[in-house]
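This report concerns only the one structure given below.
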Amino acid sequence: MNMKRLKRMLHRALRPGTAVFIAALLFAGSCGRGEDAAPETPPAVDYYSLVRSADKLVLSEMSINKMATLQDLKLDQAKGGRQTVGALVNMFKIGTRKGAYSYNTYLRAYIDLSELRPEDVQVDTAAKVMRIQLPPVRTEFAGRDVEVREDHYRVTGLRSDISAEERARVKEAMNEALKREVEERSGFRDRLRLSARDKANSYFTALAAEQGLAAEITFK
């Protein structure tokens with residue numbers, strides 16, 4: 001190769017655009033040949049916050065039905081002079097007067113997770129087990145139907161219609177009787193607590209499984 005031809009080749013190779021292109025290739029090549037970047041360490045999981053996802057975890061609910069009848073006061077049910085007079089009058093009225101009413105009250109079981117403490121959630125990374133000590137399951141009344149249902153109504157002859165005030169009184173009487181039954185008979189609350197514990201076990205077992213952990217759950 002003669003000297004003139006060599007100079008022409010060098011001149012073409014070193015034109016500005018070609019030089020930039022060569023530099024870019026060299027830079028890219030050097031980056032590719034550099035040491036691999038160290039993998040980022042994943043952030044540590046805050047298991048306590050994961051378990052305490054809400055302050056109040058409602059787990060189970062039941063509906064309790066109460067029924068009562070309303071009819072004219074009978075003489076043997078009367079108390080005091082006024083009721084006795086009213087019962088005597090009812091004895092001589094023609095016709096019948098009777099209504100049957102019912103409504104639902106709702107009872108629910110929940111765990112107050114605001115009582116949970118960091119030491120209540122322990123994770124054994126070697127054994128891959130999450131141990132959770134939950135607050136006790138509690139129950140509470142969660143409201144009642146606004147209106148009573150009229151299941152039966154029969155007023156005939158000279159009997160007077162059942163008034164709204166009478167319906168309101170029978171509803172309050174049913175409500176008080178139902179609350180007494182729930183407090184005095186533990187069956188309602190026991191069944192609800194048992195159901196809530198089962199659901200809590202299922203819920204937190206699934207939560208631990210999402211982190212690749214088994215779960216051991218106890219209640220205070």
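The values are calculated or read from the model by the stated rules, or taken from the named source; none is laboratory data. A quick note: this is a predicted structure, and the numbers were derived from the prediction, not measured. Glycine gets a Cβ as well: all are built from the backbone with ideal geometry, and neighbour counts include every protein chain shown. Areas reflect the complete protein model, heavy atoms only, side chains present, ligands, DNA and RNA absent. Shrake-Rupley method; radii C 1.70, N 1.55, O 1.52, S 1.80 Å.
Computed 3J(HN,Hα) for the range 149-160, one whole-Hz value per residue from the Karplus formula 6.51 cos²θ - 1.76 cosθ + 1.60 where θ = phi - 60°, is 8, 8, 7, 8, 8, 8, 10, 10, x, 9, 6, 8, glycine and proline marked x.
First select every other residue whose beta carbon is under 12 angstrom from the beta carbon of Gln211; then total the charges, Lys and Arg +1, Asp and Glu -1.
Details: positive: Lys128; negative: Asp46, Glu210.
Counting the neighbours of Gln211, the net charge comes to -1.
Take the range 111-220 with all the other protein chains still there, run a 1.4 Å probe, and you get 60 Å² of accessible area per residue. Using θ = phi - 60° in the Karplus curve 6.51 cos²θ - 1.76 cosθ + 1.60, the 3J(HN,Hα) couplings for the range 138-147 round to 10, 10, 7, 6, 10, x, 8, 4, 5, 10 Hz; x is entered for Gly and Pro. Output the pairs from Lys79/Lys179; Lys171/Lys199; Lys66/Lys199; Lys56/Lys220; Lys179/Lys220 with a Cα-Cα distance over 23 Å in this structure; if there are none, say none. Flagged as over cut-off: Lys79/Lys179; Lys171/Lys199; Lys66/Lys199; Lys179/Lys220. A simple packing score, the average count of other Cβ atoms within 10 Å per residue, orders the peptides 145-154, 54-63 as 54-63, 145-154, with the highest score first. Stretching the chain fully between Phe219 and Thr96 yields a gain of 38.7 nm (0.36 nm per residue, less the alpha carbon separation). Put a dot 7 Å past the Cα of Val45, heading toward its Cβ, do the same for Arg185, and the two dots end up 4.4 nm apart. Fully extending the segment from Ala127 to Tyr153 would add 2.7 nm, taking 0.36 nm per residue of separation and subtracting the current Cα-Cα distance.
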